[in-house]
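Let me begin by presenting the structure, written as structure tokens, before commenting on it.
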Amino acid sequence: MAQRRGYAIVAAAVVLVLGVAGAAAKQSDEHGVLAVHQRLDGAYPQGSIAYVRVRSKGRTVQRRARGGHIAVSFKPRAGLYRVSSFQRPCASAGCSTLAAPADRCSERVHVYAAETIRVTAVTRPGKGCTMRVVEPPPFPSTRRVRAVRRYIRGRAISSFALIDTHGRLHGFAPHRRYITASVVKAMILVARLRQIGNRMPSASDQAVLNPMIQVSDNDAATVAYGWVGDSGLLAVAKRAGMHDLSVGGYWGNVFFSAADQAHLFVVIDKLVPPRSRAYARHLLSSIVSYQRWGFSRYSLRRGWQTFFKGGWRTTDRGSLVHEAALFERRGRRFSLAVLTDGNPSHDYGTETLRGVASRIFR
């Protein structure tokens, strides 16, 4: 599962971690860019006033009105919006009075973090309005995901799940359940930080949590699991949308799916209270070098910050190897989980992880 190491020695490093946590990679920008261009193709007899309106959850978040074309760009929070365009023809000379709205069009638009969505509305007076939405493609591309699916089908018992930068789930056997190895320790970390509330963990907490994550210490995991119990893990699972998870009275008895881990890791830092969020991100991005045998060998080369947890153990099928991660680059983020069992060796299992990563980050 993971080698056992004494965790008391880490207490001496707690002061260092407290200082480093605040300098951990800053969190992704939760805003995108929405650029709207309204163009009039033709003219109304006495002119018109153009309107553009952007609404979210029944509330207007942006509104523009003027004669002629409209071009507006702003940075809303990531989420779903309704963009509308219409004209009010002038009912008198000089547009002192306006007729009822005409030539309407609207579209639902999803704004993604750190991405620019472009909306173009073209109005032809008396003939209606058309609207075109252009969004950048998600990462990874469909082609890369298909390459992973083809690859993993030929390996030992394996599943993967990936939530792309647009929040869409992809995978192969993503809901197949596996027994955990040390990957569950990331859940224990989140459960403990939620349990202690919106503050930095104490020195005694860090003396357990640091080695549990950074060197995958099993004794430390047992102590931390004793603090949160199955109820703490189930609470995290509910918040993360993990529907395949089951518990069994000990952290090593947890079962979950690749989809569960992808759903957890895509929001893993957001589940942690704000004051300990940088601390959690620091731990998950500072795993010891001799346990970096999977995704990070490829993701870091491509400029993706990587927050991950791996795990391994022996089962009656052979060698089990898992890894789950959150990746961030310039505000974009996605998650990936690969779960494997029945591997003829540990090296074969880690080769599967790298095979997946090489196809995602090539």
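The values are calculated or read from the model by the stated rules, or taken from the named source; none is laboratory data. In this text, all values refer to a predicted model and were calculated from it rather than measured experimentally. Note that each Cβ is placed from the backbone with ideal geometry, even for glycine, and that neighbours are counted across all protein chains shown. For accessibility, only protein heavy atoms count, side chains too; no ligands or nucleic acids. Shrake-Rupley method; radii C 1.70, N 1.55, O 1.52, S 1.80 Å.
Taking all protein chains together, THR142, THR314, THR306, THR60 sort by accessible area into THR314, THR142, THR60, THR306, largest first [probe 1.4 Å].
Of the candidates GLN46, GLN261, GLN291, which one comes out as most mobile in a Gaussian network treatment of the chain with C-alpha springs shorter than 10 Å? In this elastic network of the chain, the residue with the biggest mean-square fluctuation among GLN46, GLN261, GLN291 is GLN46. Ordered from highest to lowest accessible area with the whole protein assembly present and a 1.4 Å probe, VAL122, VAL223 read as VAL223, VAL122. Here's the picture: charge each Lys and Arg Cβ at +1 and each Asp and Glu Cβ at -1 in region 258-362, and of TRP304, TRP293, LEU283 the one pushed furthest to the positive end of that dipole is TRP304.
Probing with 1.4 Å while keeping every protein chain in the model, the per residue accessible area of the chain equals 43 Å². Each helix, a run of at least 4 DSSP H residues, gives -39500 (n - 2.57); summed and divided by the residues of the chain, these come to -9000 deg cm²/dmol at 222 nm. A Cβ-based charge dipole, computed about the Cα centre of the chain with Lys and Arg at +1 and Asp and Glu at -1, lands at about 1320 debye.
Packing-based ranking of 296-304, 124-132, 346-354, 321-329 yields 321-329, 346-354, 296-304, 124-132, ordered from highest to lowest mean Cβ neighbour count within 10 Å.
Checking [x] 25.3; [y] 28.4; [z] 20.8 against mean projected area of the Cα convex hull in nm² calculated from these atoms, the matching label is [z]. Residues THR315, THR120, ordered by accessible area of protein heavy atoms at a 1.4 angstrom probe radius and largest first, appear as THR120, THR315. Taking a ≥ b ≥ c as the square roots of the eigenvalues of the Cα gyration tensor, region 217-265 is classed as prolate, since a/c reaches at least 1.5 and a/b is larger than b/c.
Inter-part distance, region 299-362 to region 245-284, computed on C-alpha centroids, equals 15 Å.
Computed over region 168-266, relative contact order equals 39 percent, with contacts defined as Cα pairs under 8 Å that lie 6+ residues apart.
Within the assembled protein chains, the solvent-accessible surface assigned to ASP316 is about 150 Å², based on a 1.4 Å probe. Apolar share of the accessible surface for region 206-362: 49 percent from carbon plus sulfur atoms, 1.4 Å probe. Of all beta bridges that DSSP places with both ends in the chain, some 90 percent have antiparallel geometry. Looking at region 50-116, the trypsin sites (Lys or Arg not before Pro) that sit in a DSSP loop and have at most 10 other Cβ atoms within 10 Å of their own Cβ are LYS57.
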